[in-house]
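*Asks:* First the structure, then my questions, so here it is.
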Amino acid sequence: MWKEVKELRFCPDCGGTMFYDRETRQYVCNSCGVSYTIQELVMIKEKKMSFKEEQERKKRQKEEYLEWWLSKKK
Ligand SMILES: [Zn+2]
C-alpha cells in the first residue's frame, strides 16, 4: 500500500512528475496542475497501451500484406 503511494507517476497530459495529494486523494501534476485519481490514471494508461497495441497490429498487417503482394509479383 505504502509502496503504491510512493511510486512515481507521470502526467498523461504533459509528461511531468505528479505528486500525491492525500487530502483530495488525487495525483497532481507538478507542471500543468492537472489532477487525476489513481483509477483515472490506470484507465488512461490502459487506454494508451491498447492504442499502441492497435497501432502495432495495423503495422504488422500492412507488412504482411506487403510481403504477400511482393510474393505475388514474382
Ligand atoms: Zn501535466
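*Asks:* Which pairs have Cβ atoms under 6 Å, sit 6 or more apart or on different chains, and link a residue in the range 2-24 that is closer than 14 Å to Leu41 by Cα to one that is at pLDDT below 85 and more than 8 Å from the ligand (Cβ to nearest atom)?
*Replies:* Pairs that qualify, where the first residue is closer than 14 Å to Leu41 by Cα and the partner is at pLDDT below 85 and more than 8 Å from the ligand (Cβ to nearest atom), are Tyr20/Val5.
*Asks:* Could you list all residues from the range 30-74 that are assigned to a loop (DSSP other than H, G, I, E, B) and in contact with a strand residue (DSSP E or B) (Cβ under 7 Å, 6 or more places away or on another chain)? Lay out the reasoning, then the answer.
*Replies:* Of the range 30-74, the ones assigned to a loop (DSSP other than H, G, I, E, B) are 30-34, 37, 74.
Answer for the range 30-74, where residues must be assigned to a loop (DSSP other than H, G, I, E, B) and in contact with a strand residue (DSSP E or B) (Cβ under 7 Å, 6 or more places away or on another chain): Asn30, Thr37.
*Asks:* Hey, any hits in the range 45-62 for a residue that's within 16 Å of the ligand (Cβ to nearest atom), modelled with pLDDT of 90 or more and surrounded by 12 or more Cβ atoms within 10 Å (Cβ to Cβ)? Lay out the reasoning, then the answer.
*Replies:* Initial filter on the range 45-62 (within 16 Å of the ligand (Cβ to nearest atom)): 45, 48.
Still in the list and also modelled with pLDDT of 90 or more: none.
The answer is no; no qualifying residue exists.
*Asks:* Another question about this same structure. Let me spell it out: the conditions are (1) modelled with pLDDT under 90; (2) within 16 Å of the ligand (Cβ to nearest atom), and Lys6 meets all of them except one. Which number is the exception?
*Replies:* Here Lys6 meets the rest and fails (2).
The values are calculated or read from the model by the stated rules, or taken from the named source; none is laboratory data. What you see is a predicted model; the values in this text were computed from it and never measured. Counting neighbours? That spans all protein chains shown, and the Cβs are built from the backbone with ideal geometry, glycine included.
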